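The structure appears below as structure tokens.
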Amino acid sequence: MRARVAQISCGTEYSGVQPVLNEMAERAGIELVYPEMTVEEVEKACEEVGFKVKSPSLNMMIARAVSALKDPTIKGAILLTCFKCSEGTIVKDVVRRFLHERRRDLPVITYSNVEKPKPAEIFARLEALSTIITRKSLLMRERQEGTTLGIDAGSSMTKAVVMRENEIVGAAWLPTTDPVRSADEAAKKALADAGISHEKLDAIGVTGYGRELVADFFHANLNLEEVSVVAKGAAMLAEMHRGEATVIDIGGMSNKLILMRDGIVNTFNLGGICGGSSGRFLEVASHRLDASIEELGELALQSTQKFELQSYCMVFGIQSLVVALASGIKREDVAAAACRSVAEQVYENQIREMHVSPPIIFVGGVSLVKGVKKAFEELLGYELIVPHHSQFAGAVGIATLASGV
């Protein structure tokens, strides 16, 4: 049986986006449900929520949220408005908070529609939502048992960890080239680091962009999407299995903002509109500054003069960086600007769409760049938690979950 998910929007089902949504929902094992209401009910719903806007379509969206709560068979919700619609962004957050006030266990995801939506982006969100709904008992695990290998076949880096009885005993990470070859090499290094042979493993779990190919190669016991896996890994590394927490994961090419409750994803959104908000941008920036990414982060901490890049775009941002260096701007000030640019873009495109509150766990390879951590803390006004082995959150999450299959 497919998971019933309420599609709560300002009228997406009447647009050209809907066929793609329908196709990706079916592929993810989701049945989209469109809550119904009368014109009179719209006014009452706005009063119940305590929020009303000028747009009739967005008021209808608010009413759909109220209607969805009346159907106990609905197990999740997807909130949709148009890309860069400021009023829609506000309504999405109001609706999300209202849904969670009434049904704390209801997973909710958000998406900003574009004229030509990318099926892969929509599927990634719906697949994660399906996992949260249908595999909740697995996601509730708080300990890893036995000896398991977790592989995160990322777009830029491949990570592998060996865990034994809830402890990381071996780890390795390296640049991703061919997904299978990189995963095989990372796994062998992690096993050698742990002093354990492949035959001694009780289970293997795989996540990440290249997970389908890698899971087949390793005959993995568990192959799972990244959102729920990274959340579990962050909870494990930070030892936060109870209460609410926020996870920021910045990868080589995409970002995740996750709100967790009791170690399980409750709400999330995914970035990746532009490479300028990713680790790849920092790689290019560090090359131009003749430094490693880690050195770039340390360099940024030495900045004394604030300098802003002229664009968030990866291409034009680097162009601005080069011009700045040529005009005599100090390397440390340019490094700080690059780190701040990544944090600001994540903030404007993702964090502003959701209510973020501490504790905030920062994971992924970019979490090791101290200049980015500082930039986030200045933007948010909170200290970020960067747990030991933060770059291995995905691998730790899948190793933990694989031990429960």
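Tabulated data for the structure shown
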quantity: Among (1) open to solvent by 50 Å² or more (accessible area, probe 1.4 Å); (2) within 21 Å of L174 (Cα to Cα) - the single one V315 does not satisfy; calculated: (2)
quantity: Unmet requirement for S137, which otherwise passes all of (1) of a type in the set (G, A, S); (2) touching a residue at least 24 places away in the same chain (Cβ under 8 Å); (3) open to solvent by 40 Å² or more (accessible area, probe 1.4 Å); calculated: (2)
quantity: Strands (runs of 3 or more DSSP E) within the range 226-309 that include 3 or more residues within 29 Å of D333 (Cα to Cα) and in contact (Cβ under 8 Å) with a residue 12 or more places away in the chain; calculated: 244-250, 255-261
quantity: Lone qualifier among S137, S155, S112 - being closer than 18 Å to S403 by Cα, of a type outside the set (V, I, T) and at pLDDT below 95; calculated: S137
quantity: Residue check for G11: under 23 Å from the mean Cα position of the chain (by Cα), open to solvent by less than 60 Å² (accessible area, probe 1.4 Å) and either of a type in the set (G, A, S) or on the phi > 0 side of the Ramachandran plot (or both); calculated: no
quantity: Residue, nearest to L106 (Cα to Cα), within the range 72-89, restricted to residues that are out of contact with any Lys or Arg (no Cβ under 6 Å at 6 or more places or on another chain) and open to solvent by less than 40 Å² (accessible area, probe 1.4 Å); calculated: G76
quantity: Strands (runs of 3 or more DSSP E) wholly inside the range 28-123 containing at least 2 residues that are without any contact (Cβ under 8 Å) to a residue 60 or more places away in the chain; calculated: 30-33
quantity: Selection count where residues are open to solvent by less than 70 Å² (accessible area, probe 1.4 Å), assigned to a helix (DSSP H, G or I) and closer than 10 Å to T147 by Cβ, scope the range 192-222; calculated: 1
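The values are calculated or read from the model by the stated rules, or taken from the named source; none is laboratory data. For clarity, every value in this text was computed on a predicted model and none was experimentally measured. Neighbour counts run over all protein chains shown; Cβ positions are idealised from the backbone, glycine included. Heads up: the accessible areas ignore ligands, DNA and RNA and are worked out on the full protein's heavy atoms, side chains in. Shrake-Rupley method; radii C 1.70, N 1.55, O 1.52, S 1.80 Å.
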